[in-house]
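Each remark here refers to the structure printed beneath this line.
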Amino acid sequence: MTGDKGLAGLETSLADPDDRRGPEVAVLATLAKEGPGSDYFDAFSGLYLREALNFHFPDLGAIAQAVFDLGLQNLPADVRLVTEAIKGQKISEDDVRAVLDDGNAKPAAVALEYVKDLVNLEAWRKLEAIPGQTAAALKSYHDLKKDPKEAAALLLRGLLDMADDPKHGLFKKQRTEAEETPGFLDDLEKRRTDGRKFTGLETGFAHLDELLNGFQGLIVAGAMPSEGKTTFAKQIADQVAVKEKVPVLFFTYEQSAEELRIKSLARLSSIDSRLIWKGRTEDKPKAWENVKTAAKEYQEGPGRYLKIIEADATFTPDRIGAAVQAEKNRAEGKRVLVIIDYLQLVPATDPNGRSFPSVRERVDFVLSQLRRISRDLGAVVLVVSSLSRAAYNGEEDTATNAKGKPKPQKGKPSLAGLKESGGIEYSADIVLFLEYNAEKSQETKKYSVPGRWINLFVAKNRNGERGQIDLIFTPSLAKFNAPETDDDSHF
C-alpha cells in the first residue's frame with residue numbers, strides 16, 4: 001500500500017525497520033485522539049489482541065499497552081496517566097507527550113490501515129526470511145551431494161511450516177487423536193486431583209452447583225420484571241468472586257454501579273436497601289454501623305476481584321471480548337466470570353458495520369459473539385435476559401376453551417419465551433428461569449427470612465440434568481437464599 005491508505009512504501013519498510021516508527025506513532029496518536037468507545041479504538045483492540053500486534057520499538061509498545069489499558073477503563077490517554085502506567089521503563093513524560101501529540105494523528109480510517117499493515121508486516125518478514133534460510137540449506141545439501149528430491153522436500157517443509165504458523169499461516173496444523181490423548185489424559189488427571197468439588201465455578205448456591213457441576217460456558221438467566229434477575233446476578237458475582245478468587249466483570253447496561261453496590265450492602269448488612277439509598281439509616285439504631293461493617297466486608301471480599309462496568313452504546317461484543325482478554329492476561333490465565341445485564345440492550349452491528357434489520361437478529365448475533373468469547377477465552381459468561389409471557393406456555397398446557405381450542409395456561413417456563421431471540425436454545429450451554437410462586441410465598445413466614453418464594457428452573461443444561469431449585473428472595477435486602485438456610489447468601 002502507498003500514500004494515506006497504508007504504510008508509505010511497504011517494501012522499504014521491510015528493508016529498514018526504522019521506517020516503521022512514523023506509522024506506529026501515528027497509530028498511537030490517533031488512538032489517544034479518538035479515545036475509548038470510538039470505532040477506531042474497538043477495531044484497534046480486536047487486532048491488538050487477536051493478532052498480537054507487535055510494536056517494533058519498545059517505548060511505543062509500552063505506551064500502546066498503557067493507552068489500551070486506560071481505554072478499557074473508559075479513561076482517556078492522559079499523558080500523566082500513561083507516564084505513571086509505564087514508570088520504571090525510562091520513558092519520560094516529555095517522550096510520551098511527543099508520541100501522543102495530536103499533530104501525529106491521522107484520520108481514523110487511515111490509521112486503521114496502518115494497524116492492518118503493521119500486522120501484515122510481521123507475516124511478510126517471516127516470508128521474506130524463508131528464501132535466505134532455504135537457500136543456505138539447499139547449498140549445504142548441494143555441497144554434500146545429496147539427492148535433489150531431498151532438497152525439494154526441505155523447501156516444501158519450510159513452506160508448510162510457514163503455512164502452519166498459528167498467527168499468520170494459511171491453516172492451522174491439526175493434531176491426530178493419538179497426539180492429543182496423552183495431554184487430554186493429563187488434564188483429566190489434574191481435574192481428578194485438584195481438590196475442586198465442581199468443574200465449573202462455584203456460585204455459592206449449593207444445590208445449583210450440584211445440578212450444574214458449577215457455572216461454565218454460556219449461561220442465560222431469564223425472568224419477568226421484578227423477579228430479581230439483576231439481584232440474582234449481582235449475588236452470583238459477589239459469591240463467585242469470594243469463593244473462586246477469579247476476576248469478575250459485571251457489564252451493566254441499565255442499573256448504575258451505585259445501585260448494584262447498594263444491593264450488596266443491603267444483603268451483607270441486613271438493612272433495607274431503600275433506607276441505604278435514601279440515606280435514612282439514622283432511623284434504626286446501629287444501622288449505619290452495620291452498613292459500614294458490610295462495606296468493609298464487601299471491599300475486602302468480592303471487591304478485590306469484582307469490576308462493575310457501566311456499559312453504554314460503545315460496549316459491543318468486540319469491546320467486551322477485548323476487556324475479558326485483558327483481564328485474563330492480568331490474572332495470568334485464570335478463568336474470568338463475565339456478567340451482562342442485560343442481553344437485549346447489548347449494541348452490535350453486522351460484520352459490514354451496518355445496523356441489523358431487526359432486534360431479533362441483533363440479539364442472536366450478540367449471543368453468537370458471547371459464545372465465542374466463552375469458547376475462545378475460556379470465560380464463563382452469564383447473560384441476563386428479558387422474558388415474554390410466552391415463556392409460561394409450555395408443552396404440558398393442554399387446557400382448551402369453550403370452542404375446544406388450546407387455551408394458554410401458566411406452566412413451566414419454556415425456551416420459546418426468551419424475548420427477542422430464537423438462538424438461545426442453540427447457543428446457550430445453560431438456561432435458567434426465575435419464577436415467582438405466589439402460593440408458596442405465603443408459607444415463607446415460617447422460615448427465618450420471610451420473602452418471596454422463587455422457583456429456579458434449569459430449563460437447559462448441555463452437560464447435565466435439568467431440574468428445579470427453590471429459593472427465597474427478599475427484595476428489601478436484595479438477597480436470595482435456600483428456603484431452610486441462609487448459608488448460601490454469605491461469603
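Bear in mind these aren't lab numbers, they're just calculated from the coordinates by the rules spelled out. This one's a predicted model, so the numbers in the text were calculated from it and none came from an experiment. Virtual Cβ from ideal backbone geometry, glycine too; neighbours counted across all protein chains shown.
Tabulated values for the structure
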| read-out | value |
| --- | --- |
| Point-charge dipole on Cβ atoms (K/R +1, D/E -1) for region 228-375, about Cα centre, debye to 20 | 380 debye |
| Cut-off under 5 Å, modelled amide H: who pairs with LYS479 long-range | THR474 |
| Region 213-221 - phi-based ³J(HN,Hα) in whole Hz, Karplus 6.51/-1.76/1.60, Gly and Pro as x | 6, x, 6, 7, x, 9, 10, 10, 10 |
| Relative exposure of ASP238, ASP42, judged by other C-beta atoms within 10 Å (fewest first) | ASP42, ASP238 |
| ASP429, ASP272 arranged by Cβ crowding within 10 Å, fewest neighbours leading | ASP272, ASP429 |
| Amide H contacts of ALA221 (H built 1.01 Å from N, under 5 Å, at least 5 apart or other chain) | VAL383, VAL384, SER385, LEU432 |
| Average Cα contact separation per residue, region 23-105, under 8 Å, 6 or more apart, as relative contact order % | 45 percent |
| Neighbour net charge for ARG196 - beta-carbon separation under 12 angstrom, K R +1, D E -1 | +2 |
| Per-residue ³J(HN,Hα) for region 177-184, Karplus 6.51 cos²θ - 1.76 cosθ + 1.60, θ = phi - 60°, Hz, x for Gly and Pro | 4, 5, 6, 7, 4, x, x, 5 |
| Most to least packed among 90-97, 225-232 [average Cβ atoms within 10 Å] | 225-232, 90-97 |
| At 0.692 mPa s and 37 °C, Stokes D of region 23-107 from Kirkwood alpha-carbon radius, µm² per second | 262 µm²/s |
| Largest to smallest principal axis extent of the C-alpha atoms in region 222-320, angstrom | 48, 30, 23 |
| Cβ-based exposure ranking for ARG335, ARG192, in which fewest neighbours within 10 Å come first | ARG192, ARG335 |
